[in-house]
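Below is one structure, written out as structure tokens; the observations come after it.
Just so you know, all these numbers are worked out from the coordinates, no wet-lab data involved. Quick caveat, the model's predicted, so the values are computed rather than measured. All Cβ positions, glycine included, derive from the backbone under ideal geometry; neighbour counts span all protein chains shown.
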Amino acid sequence: MYDCLLKGATVIDPSQGIDGVFDLAINEGKIARIAADIPAKDASVIYPLVGKIVTPGLIDAHCHPSLNFSEHAVLSDEAGVNAGVLLVNDAGSAGAANFQTLRHMYYSRVKTEMSFFLNFASAGLIRPPEIRSLHDIDIKLLKSVVEKNRGVVKGIKLRALEPLMSIATDVLALALDTAAELNLPLMVHIGDFRERTTNDPLDAFSRSVVKRLRQGDIISHYMTWRPGGMVLPDGQIFPELREAKARGVILDSSHGKNNFSFKVAEVLLANGIEPDIITTDFSSMNVHCVQSLLVTMSKFIALGMAMSEVVAATTNRAAQALQMDEQWGSLKVGRSADISVLEKVAGDFAFFDGVAGNSRKGTCLLEPRMVMRNGEVLPCRSYYHISNVG
Ligand SMILES: [Zn+2]
């Protein structure tokens, strides 16, 4: 007898190549069986989910779910379980000097599972731009904080903003060496916030940065239209981006407010340079245009990406990027029953990309209907303000 049975949903689990109507049985908080027809009499509780979509617990591998720690952030559960997402990765809000504060404010006090990328700057994002000189970095402290928090620190975050260019020492080399020594991925933010100039020196800087990233490192905001981006306004794509992808560098769409453009996204998708991971970069500054991971996924569906690819970019590939794929991103039998239940709502929706100022129509909006954490059902809700243009 199973504890419960999710019946009749379309199960999409790219980690196992599953995409079809199946029943999914859960026992003692773990996934017990996936099969075409599991009899209702074999389970104590039945959830009839015909017309819904069941995926591995969704992962937002780049967001800022640390409200009250940093000025610009959101609550973990608002980015997480309340919005249908089970694992949120805080991408560099804290550095070595203040990580303990962030960890104790949040970790194990929220329903959403959390992981963290430690900012290469000691103070994290408390005072941006966070690296103005080498005094803002303390490698010894960073290494000791990583070693003490291995279970939750899954990477190092560095923002390749303009001030890095004027520091004589090669900060990127320091970050690459440190990440390699700690066996963690380095996530690098590209794209600055000012207007682009002709032959912008930041472009050359970003290209030199992207060139040196290794397999498993992450380029965040690779769809930016800002200086330091990999795509010029005329559609030219810098070759370093393709070369990085070919080496196994992970491409992170990281929406945010300032560094995501539908026009750039269309150029990249038309050239087969799809995001490996789809993330929100959710913070209090971009709630209006990002709204949630599911809205962000809906935008990529509107741009023509297949549903199975969009789910892979927020489940198994996101788990791999965080080196957490042993526990996350799959509905394999025996895994914890961490599950997202979604619905594709049909309509004529208008999506916006933020400061870039573009909008696109879409006919499908993914909405969260239920999440399950270790087999326990948690409520979630949709609270979007997507205009229906139909
Ligand atoms: Zn970010």
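Identify which of 55, 314, 178 has the largest mean-square fluctuation in a Gaussian network model of the chain, with springs joining Cα atoms closer than 10 Å.
For the chain, modelled as a Gaussian network with Cα springs under 10 Å, the answer is 178.
For the range 1-53 and the range 224-257, write down the distance between their C-alpha centroids in whole Å.
39
With everything on Cα atoms, drop me the angle between helix 293-302 and the longest principal axis of the chain, reported from 0 to 90° to the nearest 10.
Its long axis makes an angle of about 90 degrees.
Using Cα springs under 10 Å in a Gaussian network model of the chain, which residue among 117, 349, 262 shows the largest mean-square fluctuation?
Among 117, 349, 262, the largest mean-square fluctuation in the Gaussian network model of the chain belongs to 349.
Go through the range 245-347 and name the trypsin sites (Lys or Arg not before Pro) that are in a DSSP coil and have 16 or fewer other Cβ atoms within 10 Å of their Cβ.
For trypsin sites (Lys or Arg not before Pro) across the range 245-347 that sit outside H, G, I, E and B with at most 16 neighbouring Cβ atoms in 10 Å, the list reads 332.
How large is the dipole of the chain about the Cα centre if only Lys and Arg carry +1 and Asp and Glu carry -1, each at its Cβ, rounded to the nearest 20 debye?
Rounded to the nearest 20 debye, it is 220 debye.
Beta carbons within 10 angstrom, averaged per residue: use that to sort the peptides 271-277, 139-145, highest first.
Those peptides, ordered most packed to least, come out 271-277, 139-145.
Run the numbers for residue 71 and residue 232: contour at 0.36 nm per residue of separation, minus the present Cα-Cα distance, in nm.
Gain on extension, residue 71 to residue 232, equals 54.7 nm.
Helix 171-182: angle to the longest alpha-carbon principal axis of the chain, degrees 0 to 90, nearest 10?
40
Under Stokes-Einstein, with the Kirkwood radius over Cα pairs standing in for Rh, what whole-number D in µm²/s applies to the chain at 37 °C and 0.692 mPa s?
In µm²/s, the coefficient rounds to 156.
When only DSSP loop residues count, what GluC sites (Glu not before Pro) in the range 268-366 have their Cβ near at most 15 other Cβ atoms within 10 Å?
Hits after loop and neighbour filter: 326.
Between residue 143 and residue 308, what length in nm is gained on full extension when 0.36 nm per residue of separation is reduced by their alpha carbon distance?
Difference between extended and current length: 55.6 nm.
Against the longest alpha carbon principal axis of the chain, how many degrees, from 0 to 90 and to the nearest 10, is the axis of helix 201-212 turned?
With both axes taken from Cα atoms, the answer is about 60 degrees.
For the chain, set up a GNM with springs between Cα atoms under 10 Å and report which of 165, 370, 230 has the largest fluctuation.
165
When the helix-only estimate is applied to the chain (DSSP H runs of n ≥ 4, each -39,500 (n - 2.57), divided by the residue count), what is the mean residue ellipticity at 222 nm, nearest 500 deg cm²/dmol?
-6500 deg cm²/dmol
At a Förster radius of 41 Å, what calculated FRET efficiency corresponds to the Cβ-Cβ distance of residue 194 and residue 346, to the nearest 0.05?
So the FRET efficiency works out to roughly 0.55.
Normalise the Debye intensity by I(0) for the range 232-376, one equal point scatterer per Cα, no solvent, then take log10 at q = 0.10 Å⁻¹ and round to two decimals.
So the normalised log intensities work out to -0.37.
Counting only the backbone N, which residues of the range 65-86 are under 15 Å from the spot 7 Å out from the Cα of residue 109 toward its beta-carbon?
65-71, 74-78
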